There are 4 protein chains.
Amino acid sequence: MTIAAPDTLFGCLRTACLDDWRAYTGHPFVRGLADGSLPERCFRHYLGQDYLFLIHFARAYALAAYKADELADIRQAARGLTAIIDVEMDLHVSFCGRWGLDEAAMAGLPEEPATMAYTRYVLEKGVAGDLLDLHVALAPCIVGYAEIGAALVDDPATRLADNPYRAWIEMYAGAEYQEVAAAEVAELDRLMERRGGPGRLESLTRTFRQATRLETAFWDMGLNP
Amino acid sequence: MTIAAPDTLFGCLRTACLDDWRAYTGHPFVRGLADGSLPERCFRHYLGQDYLFLIHFARAYALAAYKADELADIRQAARGLTAIIDVEMDLHVSFCGRWGLDEAAMAGLPEEPATMAYTRYVLEKGVAGDLLDLHVALAPCIVGYAEIGAALVDDPATRLADNPYRAWIEMYAGAEYQEVAAAEVAELDRLMERRGGPGRLESLTRTFRQATRLETAFWDMGLNP
Amino acid sequence: MTIAAPDTLFGCLRTACLDDWRAYTGHPFVRGLADGSLPERCFRHYLGQDYLFLIHFARAYALAAYKADELADIRQAARGLTAIIDVEMDLHVSFCGRWGLDEAAMAGLPEEPATMAYTRYVLEKGVAGDLLDLHVALAPCIVGYAEIGAALVDDPATRLADNPYRAWIEMYAGAEYQEVAAAEVAELDRLMERRGGPGRLESLTRTFRQATRLETAFWDMGLNP
Amino acid sequence: MTIAAPDTLFGCLRTACLDDWRAYTGHPFVRGLADGSLPERCFRHYLGQDYLFLIHFARAYALAAYKADELADIRQAARGLTAIIDVEMDLHVSFCGRWGLDEAAMAGLPEEPATMAYTRYVLEKGVAGDLLDLHVALAPCIVGYAEIGAALVDDPATRLADNPYRAWIEMYAGAEYQEVAAAEVAELDRLMERRGGPGRLESLTRTFRQATRLETAFWDMGLNP
C-alpha cells in the first residue's frame, strides 16, 4: 500500500527503488516502534538527531523559497519554512520533553554522520540541481514517514495499546500529516510537469534512491546510540 | 546626517563611498520627490519596477535563512521573509493601487535591466559570499531609503503640503521604517563581529560601492520610463 | 539566417523572442561595427567592460562544473573554464592592447550596471535553476556573437576593407568561434533531452528573452561611454 | 608532530579539536595501513569510495573557482580543479588498477553514506558559507592525509618492507603531496587574513571538528566493507 498512485512521479520513483524503499520503510527501527520493543535509549538518540535534522529541513524550505521564480511559489515555500520553525519544532520539542530531552541539550548534541549525510545531501542536491531535484531528495522523508505511519496503524501486528511509541505512530498516521505528504506527492507531479520530462527520470531515480538509503542509514544510527 | 554612527560598519562603508552615496541619496529622482516635481509617469514606472524588485528582495531573505547556521538566525531571516511577502507586498500593492497600478499588471511588466542588475547582484553576491556579504549588498537599499526619508522630512527645502509623493516620503521617514533600518545597521555590526575582521573591509567596501551605484542606476531608470 | 536549425531548442527560443533577438543582433552598435562608423571611444569602452564580463563568464563555467553530476560533464565544463582563463582572456588582453588598453587598467575599471546586470543575471539564474537554465542564460551571448559575426561577413553592406573592427568581426565569423557556438547549440539540446520537457519551454523562453535584453543593454552601454 | 605551526589557522583548529583529530589520524584503519595488517577487501572498499569522493572533491574546487572574486583566485582554483580531473584521478585509477579495480566498476559503485556525508557536508558548507568556510571544511582531508603520511614514515613502528600499502603511505608522505598540504595551510591563513577575524574562530572550529569526524566515519566505513 502506498499513499501515491503508481502513475505519479512519486509512485514511479518508489517502484524504481522498491528494494531500497522496503529496507527503509520496513527497517528494524520501524518494527521496534510497531511492537514497542525499541529500546528507549535508541528512541531518545533518534529524537535528538531528529531535532538537528529539523533545523536543516527548515533550511531546505528556505532554499526552495530562494529558488522559486514566481511569487506564489515563494509564498508556498515560505509557509513551509514558517510551519517548521514556528509549529513543528515546538511540537517536536514538547514531544521530546515527555522523553526527558530538553531543547538546549538537543541543540548542543554532536551531529551524527548519518544526520549530516542526509541533510547535507538534500541541501547540496537542491543547490546543484533545481527545485525538482530538491523535492525529490526530500520526498523519501516527507512521504515515507506518512507511509510508515499509515502502514503501522493498518498492520494487525502493530501493538498500539501500552506501546510507548504510540503517539509517534499516530502523529504520522494522522490526517494532518497524511495531508502534508499528499501535498508533497502533488507538488512533485506539478514540478515534473513544469520542469521535467522523461529524460530526467534516470537522474531523479538516482537521487531518490540515494536519499532513501540515507534514511535507512538514519534508522541504523538510531539503533546504535 | 546619517542614521548610523561613524564607527559602525555601515558608517565606515558609507564614509568610504561618500561620493557614490551622495549621488544615490541626493539623486534628481529624490529631489523630484522632495519638491513634488517628479513627473507622475516616472513615479509609476519606478513603482512597477519596485514591485518586481520586492520579489527578489524576498528571495534574498530566503537565501539568508538558508545560509544561517543557527536556529535563531534562521528564525530572524524567516521573519524578514514573511514580513515582505505577507505585509510589505500588500502595502506596496495597495499604495500602487492609489497610483492606478494593479498587481497583475505589475507582475507582467518586463523587468528593466536596472532592476535585474541590482537584484541579481545582491543575490549572486550573497550566494558567492556569506551572510555578511549578502547584508552589505542589501544595506544601501534598506538603510539608504531610511536616510533619504529622514533627510527629506528634515530638509526645509522639502515641500510636503500638496506633494503627491508625501505618503512615500513619510513612509520611509516614519518610526517603523527607521527602526527596520536601525536593526539592519546593528545586524551588520553583529555579523562583522562574528564573521569579519579588518581584512574584509576592502572587499566589503567594493560590494557596498557597487550596490550603491546600482541604486543610482535604479533611480536613473525611474527617470527614463 | 541562423546557425541553429528551427527545431533545436536554441531555434525555438530564438523564434519565440524574435523581436528582442533582432534588437540585439541588429543593434546600432553592431551596425557601427559593420560599416566601421562606431566611434573608437565606444569600442574601447565596450572592450574594457567585456574584460570584466569575461571574469564572470569564467565563473559561470566554474558554476557549471560544480553543478555537473557526472565526471564527463565536470571535465567538459572545466575545459570551458580553462579555455576562458588561459586562452580567451589572453587573446582578449592582446586584442585590447592594440586598442591601447592594458590589463591592469581594465581590471581596475568600475563595472558598469549593464555589465553587472547580464553577468549576475546569468550566474544567479544558474544557481537558482539547474544546468539547463544556466546554459539558456548563456546562449544569447555564446551563440548570438557567432550569428552576428557570420551575418556581418555575409552582408554585402558590411565594409571589411579599412574597417578598424574587421578583426573583431572575423574573429566571431571564423570557423573556430562558429564551432564553439555550434557546440553550445548541441549542448542545449542534450540538456533539454536529459533535464527538460515541453513544460519547461515557457520558463526557458523567459530566461532567454531576459538574457537577450541584457545583451541589448550591454550594446547600449557601449554606445554611451 | 604537525606540518602546520601552532599559530597558523590550521594549527589553532587542530589544537581546538585535538581529540577528534587524533581519533582520525590515529584511526585503526591508519594503523592497519602502517603495519600492513589491514584486510585487502577493506582497502579496496576504501579505494572505490575514494574514487567517488574525488569526483565531489573536484566539484569543491569548481565551487571555489565560482566563489572567487578576483581573477587570480579563479585561476588558482581552476588549476586545482584541473589537477584533480586531469592528473589525480588518472593516478588514482592507475593505482586502483593494481588492486584489481577498474574505473567503470568504481564509477558504478553505490555511494556509501559516509562518502556522501563528508563530500556533501564540504560542498554544502562551501555554498552556505564563503571561501574560508569551504577551505576549512576541506582542510582535514588535504592536510590530514599529509600529516598521516609523514607520521607513518617517521614512526619506527611502521613496517614499509613488504607492506602492501607502502605505495599509499609514500604517496602522501612524499614531497609533492606535502607541498600541496603546506600550500593549503598557507591558503587558510591568507583567507583568514582577508575574510576572517577572531570572532569567526568558534564557527570555523565547529566546521573543522565536524569535517574531522566525517573523516573518521570514512575510515570506519573502510573497515566495514
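The values are calculated or read from the model by the stated rules, or taken from the named source; none is laboratory data. All values derive from a computational prediction rather than experimental measurement. Counting neighbours? That spans all protein chains shown, and the Cβs are built from the backbone with ideal geometry, glycine included. Protein only, heavy atoms only, side chains kept; ligands, DNA and RNA dropped before computing areas. Shrake-Rupley method; radii C 1.70, N 1.55, O 1.52, S 1.80 Å.
Brief remarks follow.
- Evaluated with a Cβ-only charge set (Lys, Arg +1; Asp, Glu -1), region A:27-149 carries a dipole of roughly 160 debye about its Cα centre, given to the nearest 20.
- Inter-copy label distances for C:Pro6: 4.2, 6.9, 7.7 nm (label point placed 7 Å from Cα along Cα→Cβ; shortest first).
- Heavy atoms of B:Lys67 accessible to a 1.4 Å probe, total area in Å² rounded to 10: 10 Å²
- Closest Cβ on chain B to the rotation axis that carries it onto D (distance rounded to whole Å): B:Gly197, 1
- Estimated 222 nm signal from helices in chain A, with DSSP H stretches of n ≥ 4 weighted -39500 (n - 2.57), rounded to 500: -24500 deg cm²/dmol
- In Å², nearest 10: area of C:Arg31 left accessible to a 1.4 Å probe: 140 Å²
- Whether region B:4-119 is rounded, prolate or oblate, judged on the alpha carbon gyration tensor where a/c under 1.5 counts as rounded: oblate
- Rounded to whole Hz, the Karplus (6.51, -1.76, 1.60) HN-Hα couplings of region C:40-45, x for glycine and proline: 4, 5, 5, 5, 5, 4
- Averaged over the residues of peptide D:104-114, the number of Cβ atoms from other protein chains lying within 10 Å of each residue's Cβ is 3.
- Among the lysines of the protein assembly as shown, pairs at least eight places apart or on separate chains and with Cα atoms under 14 Å apart come to 12.
- For the residues A:Thr119, A:Thr15, A:Thr25, a GNM of chain A with alpha-carbon springs under 10 Å puts the largest fluctuation on A:Thr15.
- Mean partner shielding of peptide B:183-195, defined as the number of other chain Cβ atoms within 10 Å of each residue Cβ, is 2.
- Against chain C, whose longest principal axis is taken from its Cα atoms, helix C:71-82 shows a tilt of about 10°.
- Interatomic Cα distance distribution for region B:76-143, bins of 5 angstrom, percent: 4, 14, 15, 23, 22, 14, 6, 2
- A label point on D:Phe95, set 7 Å along the Cα-to-Cβ line, lies at 4.2, 4.5, 6.0 nm from each of its counterparts in the other copies, closest listed first.
- Point-charge dipole on Cβ atoms (K/R +1, D/E -1) for the protein assembly as shown, about Cα centre, debye to 20: 0 debye
- Label-to-label distance for B:Leu223 and D:Asp102 is 7.0 nm, based on points extended 7 Å past Cα in the beta-carbon direction.
- To the nearest ten degrees, helix D:89-98 and the longest principal axis of the Cα atoms of chain D are 20 degrees apart.
- Look at the stretch C:48-57: the mean tally of other chain Cβ atoms within 10 Å of its residues' Cβ atoms is 1.
- Distance from region C:1-41 to region D:1-61 (C-alpha centre basis), Å: 54 Å
- Only the Cβ atoms of Lys and Arg (+1) and of Asp and Glu (-1) were treated as charged; on that basis the dipole of region C:79-176 about its Cα centre amounts to roughly 80 debye.
- Plainly put, the tip 7 Å out from Cα toward Cβ on A:Asp35 is 4.2, 8.8, 9.0 nm from that tip on each other copy, the closest given first.
- Whole-Å semi-axes of chain C's equivalent ellipsoid (Cα gyration tensor): 27, 20, 16
- Region C:153-206: C-alpha gyration tensor shape, a/c 1.5 cut-off, then a/b vs b/c: prolate
- Projecting the Cα atoms of B:Leu63, B:Met116, B:His45 onto the charge dipole of chain B (Cβ charges, centred on the Cα centre) puts B:Met116 farthest toward the positive pole.
- When the square roots of the Cα gyration tensor eigenvalues are ordered a ≥ b ≥ c, the ratio a/c for region D:91-213 is 1.5 or more and a/b does not exceed b/c, which makes its shape oblate.
- Its Cα gyration tensor gives the protein assembly as shown an equivalent ellipsoid. The semi-axes, each the square root of 5 times an eigenvalue, are 45, 34, 29 Å from largest down.
- If you bin all the Cα-Cα distances of region A:126-191 at 5 Å, starting from zero, the percentages per bin are 4, 18, 23, 19, 14, 10, 7, 4, 2, 0.
- In region C:178-225, a dipole from Cβ-located charges (positive for Lys and Arg, negative for Asp and Glu) runs towards its positive end, and of C:Pro198, C:Asn224, C:Val185 it is C:Pro198 whose Cα lies farthest in that direction.
- For region C:1-113, the solvent-accessible area with a 1.4 angstrom probe is 40 square angstrom per residue.
- The amide H of D:Asp69, built 1.01 Å from its N in the peptide plane, has no neighbour under 5 Å, considering only residues 5 or more places off or on other chains.
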